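Written below as structure tokens is the structure these notes are about.
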Amino acid sequence: MLRNIKNNVDWVGKIDWELKEFHGADYSINRGSSQNAYLIREEKNVLIDTVWAPHAAEFIAALKQTIDLKEIDYIVVNHGEVDHSGALPLLMEEIPETPIYCSSNAVKSLVGQFHHPEWNYRKVKTGDTLDLGNGKQLVFVEMKMLHWPDSMATYMTGDNILFSNDAFGQHYAVEELFNDKADQCELWEQAIKYYANILTPFSTLVAKKIDEVVGLNLPIDIIAPSHGVIWRDNPLQIVGKYAEWAADYKQDQVVVVYDSMWDSTRDLAHEIAERVSFISPDTRVKVYNISKSDKNDVMTEVFRSRAIAVGSPTVGGSILSSVAGWLYFLKELKYKGKRAAVFGSYGWSGEANKELRSLLMEAGFQVVEPEMRVNWKPGPDDLAHAEEVARALLEE
Ligand code: FEO
């Protein structure tokens, strides 16, 4: 269903309340999501992005109720990932000659995925413009690696709308569309989860791009991303948050993440948490058994933390697969400026701590020397070591 954004700009996307996971099963969706597409009807009519293939028929049927598809003068593809380009093949069957404005890398991703080299691609780069008539223009801004090499944003002059694609988005379904109408608690939780789980590897680029966009001195009345809310109330608040998150973000929080076979490593986890809280009562402490927790939500809590402790028992000369898989995900996200400690119990050979230490260092953490490495079930003398682990984690 079409919803008005401002003047002759309408939202024509899909609010997906049913979606439970994204990027395969790599990202959990707790409160639905949306694929936002936009239709501009000035002297020229422009479609900005589409939706994921399962919603393509519904998207095109709704679009047809709004406009004769042959009256769409241009299509803008801000990013080739299929959640935004998935309806293109069906759409292009109806309007095969329509020019597609996109980055040169997006031509590669679109051709690679859909095998239509004959589509009428128009490659654009930062600063290129497209006249809409009525004194308005689109201005293209490359957003390389935010989060794909093909990503770009499109700015509409006159209405001062930045169509930012994935940047500033959230996997969050909000029927009311706009940020000022959304449940603020849910909105900010989903916004930081999206940043922590998708954008952190590119934080240096985020900071540079924000400086570049702010330096253009463009008036921005609305930021319209491709997922979640449209920012119309103080739209630059999300830009300010991104600047904060991109600067090695941390709160006074410590997270303990572990898995356990017969509860010995669990006991160590709880002892470390208790000690941290005792030594530093103002520090927020959270504990997660990773095999029983949502890995993306745990990752968001790690993103918020100044330090983490990670534990696994030794199994087969290594660590439990639940912890290993999660640590590989942690490595991918390239968090910076955080401390870590390791802990684990063992019966025979005891290699887990060494493996945990190595993986955390590869993930960019400063791993402290004190650790808890306990043979069999921890006794009082073993548990006493939690004190030095906690103190090392809390050092500034
Ligand atoms: Fe990178 Fe929403 O796709």
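The values are calculated or read from the model by the stated rules, or taken from the named source; none is laboratory data. Quantities reported herein were computed from a predicted structural model and do not represent experimental measurements. Here Cβ is always computed from backbone atoms with ideal geometry, including for glycine, and neighbour counts include all displayed protein chains.
Here are some notes:
- Neighbours by Cβ (under 9 Å, 6+ apart or cross-chain): first from segment 142-162, more than 23 Å from Ser203 (Cβ to Cβ); second acidic (Asp, Glu) and at pLDDT 95 or above: Gly158/Glu42; Asp159/Asp221; Asn160/Asp221; Ile161/Asp221
- For segment 341-396, a residue qualifies if it is surrounded by fewer than 19 Cβ atoms within 10 Å (Cβ to Cβ), assigned to a loop (DSSP other than H, G, I, E, B) and among the acidic types (Asp, Glu), and the qualifying residues are Glu351, Glu369, Glu395, Glu396.
- Of all the listed residues (Thr265, Thr200), the sole one being touching a strand residue (DSSP E or B) at 6+ places or on another chain (Cβ under 8 Å), of a type in the set (Ser, Thr, Tyr) and within 29 Å of Ser312 (Cα to Cα) is Thr265.
- Verdict on Ile29 being closer than 26 Å to Lys295 by Cα and in the same structural domain as Leu187 (by TED's automatic domain parsing): yes
- Where Thr200 falls short, out of the listed (1) more than 14 Å from the ligand (Cβ to nearest atom); (2) under 30 Å from Asn45 (Cβ atoms); (3) of a type in the set (S, T, N, Q): (2)
- Segment 230-254: number of residues that are more than 18 Å from the chain's Cα centre (by Cα) and on the phi < 0 side of the Ramachandran plot: 8
- Checked against the criterion of being in the same structural domain as Pro201 (by TED's automatic domain parsing) and either part of a helix (DSSP H, G or I) or within 16 Å of the ligand (Cβ to nearest atom) (or both), segment 122-140 has no qualifying residue.
- Every residue from segment 291-310 that is β-branched (Val, Ile, Thr) and touching a Leu at 6+ places or on another chain (Cβ under 9 Å): Val302, Ile308, Val310
- Filtered residues of segment 36-89 (kept if within 15 Å of the ligand (Cβ to nearest atom), among the β-branched types (Val, Ile, Thr) and without any contact (Cβ under 8 Å) to a residue 60 or more places away in the chain): Thr50, Val51, Val77, Val82
- In the set (1) touching a helix residue (DSSP H, G or I) at 6+ places or on another chain (Cβ under 7 Å); (2) not in a strand (DSSP E or B), Pro54 fails one condition alone, (1).
- Residue within segment 176-185 that is within 12 Å of the ligand (Cβ to nearest atom) and either outside any loop (DSSP other than H, G, I, E, B) or within 21 Å of His23 (Cβ to Cβ) (or both) present: no
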